[in-house]
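The following block contains the structure, expressed as structure tokens.
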Amino acid sequence: MMRLRGGSQERLFYSFNLEDHVPSNRVLRAIDRVFDLSDLRDHLAPYYSNTGRPSIDPELMVRMLIVGYCFGIRAERRLCEGIHLNLAYRWFCRLGLEDAIPDHSTFSRNRHGRFRDSEVLRHVFETVLRRCMAEGRVRGEGFAIDASVIEADANRSRAVPGTQNIDWNKGDGPSRAVREYIVALDKFNPSADEETSNSGATPAPKSVSLTDPAARWTAAPGT
């Protein structure tokens, strides 16, 4: 007998538990079992004011970023939309069905503000690394390098000869991210003069991309 769904009036009360609607084999459940952010607020406390309106919970923003990294959601606007719609994402972020999602601009302000100043993402990474070492997953006795060829977001027309002297600090040249990357390289690596004196002349690359100076031309099958 064909059944006709009766009544279109909305119910006044619902009984709904997110915990019951997230499968046990979801990768977010495995991450949540070991992901510890208990000391995150203590780490960030000096970078928040004691007055003013309450801020967005920093743990919520970090968990949202983890969702983006795990599922390849690069755009912050898409990340907020995905968490709004996906029950598993909401569960991992400790959000209920009626909880509001932070505006995408909140991520930009925090990433370029207190998250950058406090190096909170480094803190989260080192926390995860210490947990991996405690669980015997990482021993710290060696390291491996992946030789996969990854296509760079660099245009050939934006490259300059490797022998050309480039002023990376010019504001009308490379982006801020590239300039900060070059500054970090200079800080944590020996200078060219020092390296040359220790191990001989270092050959200059054939060309350098102004968009991604770490990219190099290579030959790979089919590319």
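As an exercise, identify the trypsin sites (Lys or Arg not before Pro) in region 29-114 lying in DSSP coil whose Cβ has no more than 15 other Cβ atoms within 10 Å. If you can, show how the numbers build up before the last one.
Working: sites: 29, 33, 41, 63, 74, 77, 78, 90, 94, 109, 111, 114; in loops: 74, 94.
Passing both the DSSP loop test and the Cβ count: 74, 94.
Which value in Å does the Kirkwood hydrodynamic radius of region 1-152 take, with 1/r averaged over all unlike C-alpha pairs and then inverted?
Working: mean 1/r = 0.0539 Å⁻¹.
Roughly 18.6 Å, rounded to one decimal.
Quick one: check the C-alpha center-to-center distance for region 41-70 versus region 74-115, whole angstrom.
Region 41-70 and region 74-115 have Cα centres separated by 12 Å.
For 112, 84, 104, give the ranking by accessible area with the largest first, probe 1.4 Å.
Values: 112 80, 84 105, 104 50 Å².
Largest to smallest exposure gives the sequence 84, 112, 104.
So, one more: How much accessible area per residue does region 9-109 have, counting only protein heavy atoms and a probe of 1.4 Å, in square angstrom? Please report the intermediate quantities before stating the final value.
Details: 6920 Å² over 101 residues.
Here the per-residue accessible area is 68 Å².
On the full set of protein chains, 1.4 Å probe, figure out the accessible area of residue 99 and give it in Å² to the nearest 10.
70 Å²
Taking H as built 1.01 Å from N, whose amide H comes closer than 5 Å to the amide H of residue 208, not counting residues under 5 places away?
Under 5 Å from the amide H of residue 208: 160, 162.
If you don't mind, another one. So between residue 153 and residue 32, what do we pick up on full extension, going 0.36 nm a residue minus the alpha carbon distance? Could the numbers behind the result be given before it?
Working: separation 121, 0.36 × 121 = 43.56 nm, distance 3.24 nm.
40.3 nm is the gain from fully extending residue 153 to residue 32.
The values are calculated or read from the model by the stated rules, or taken from the named source; none is laboratory data. What you see is a predicted model, and the numbers here were worked out from it, not measured in a lab. Here the Cβ is made from the backbone with ideal geometry for all residues, glycine too, and neighbour counts use every protein chain on show. The accessibility values were calculated without ligands, DNA or RNA, using every heavy atom of the protein model including side chains. Shrake-Rupley method; radii C 1.70, N 1.55, O 1.52, S 1.80 Å.
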